[in-house]
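Have a look at the structure below before the remarks.
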Amino acid sequence: MAGERTPSAGDAPAAPTDKAGKGARTGNPRSARRRAREAALQGLYQWLVGGQDVASIEGHLMEHDEFAEIESRTDMPHYREVLHGCIEQADALRAGFAPFLDRPVNELSPIEHGILLIGAYELQHRAEIPYRVVINEAVELAKSFGGTDGFRYVNGVLDKLAQQLRPVESGRGAA
């Protein structure tokens, strides 16, 4: 059809969609913060799989036909902070959660990898977000976008990381 854009070989990899083919789970309304995490996960997926830089990722989002709606319903400052922070600090974030993995980081699915980066970033840099909320949001992302039992894996890794990064809040580990 006229005006429709067809993908070319140089396009970014398709962003992940949930099992229903949508950008996220249907059913309950999603908060602006959850939408920010979903958009950040999609950007991290493009970075991990396609090697896109941050400017290209953000440009791709702005080219979306429904960008105005996405922007109005998403916590864009949180999206940008998480996306930029995860990419800029990826090595340090990976070093934080790698001891809790049962396989090398490069063997994680890009979805689980992106979710763990987001969870690790929020646990480390957003102390005002309770650790249980960080883990729950990561689990919900994994349920929506990840493999069948990926949410269990994400939960276990981030729970152990929370014990290390927030021992007093999590009520476990050394204070």
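The values are calculated or read from the model by the stated rules, or taken from the named source; none is laboratory data. Predicted model only: the values in this text are computed from it and were never measured. Every residue, glycine as well, gets a Cβ built from its backbone with ideal geometry; the counts of neighbours run over all protein chains shown. To get the accessible areas, we keep the full protein, side chains included, count just its heavy atoms, and leave off ligands, DNA and RNA. Shrake-Rupley method; radii C 1.70, N 1.55, O 1.52, S 1.80 Å.
Assuming GLY21 fulfils every condition listed in (1) more than 23 Å from ASP159 (Cα to Cα); (2) modelled with pLDDT of 95 or more; (3) of a type in the set (Gly, Ala, Ser) apart from one, which condition is it?
(2)
Taking the residues in segment 48-57 that are over 19 Å from LEU108 (Cα atoms) and not in a loop (DSSP other than H, G, I, E, B) as candidates, determine which candidate is most open to solvent (accessible area, probe 1.4 Å).
ALA55
Do any residues in segment 117-139 that are more than 19 Å from GLY43 (Cβ to Cβ) have Cβ atoms under 6 Å from those of residues that are outside any helix (DSSP H, G or I) and open to solvent by less than 60 Å² (accessible area, probe 1.4 Å), where the two are at least six apart or on different chains, and which pairs are they?
Matching pairs, first to second residue: TYR131/ARG166.
Could you count how many residues in segment 58-69 are more than 23 Å from ARG126 (Cα to Cα) and in a helix (DSSP H, G or I)?
Matching residues across segment 58-69 total 8.
Assigned to a helix (DSSP H, G or I), in contact with a Pro (Cβ under 6 Å, 6 or more places away or on another chain) and buried (at least 20 other Cβ atoms within 10 Å of the Cβ), is that true of TYR45?
yes
Could you check how many residues of segment 143-168 are under 15 Å from the mean Cα position of the chain (by Cα) and closer than 18 Å to GLY96 by Cβ?
The qualifying residues number 5.
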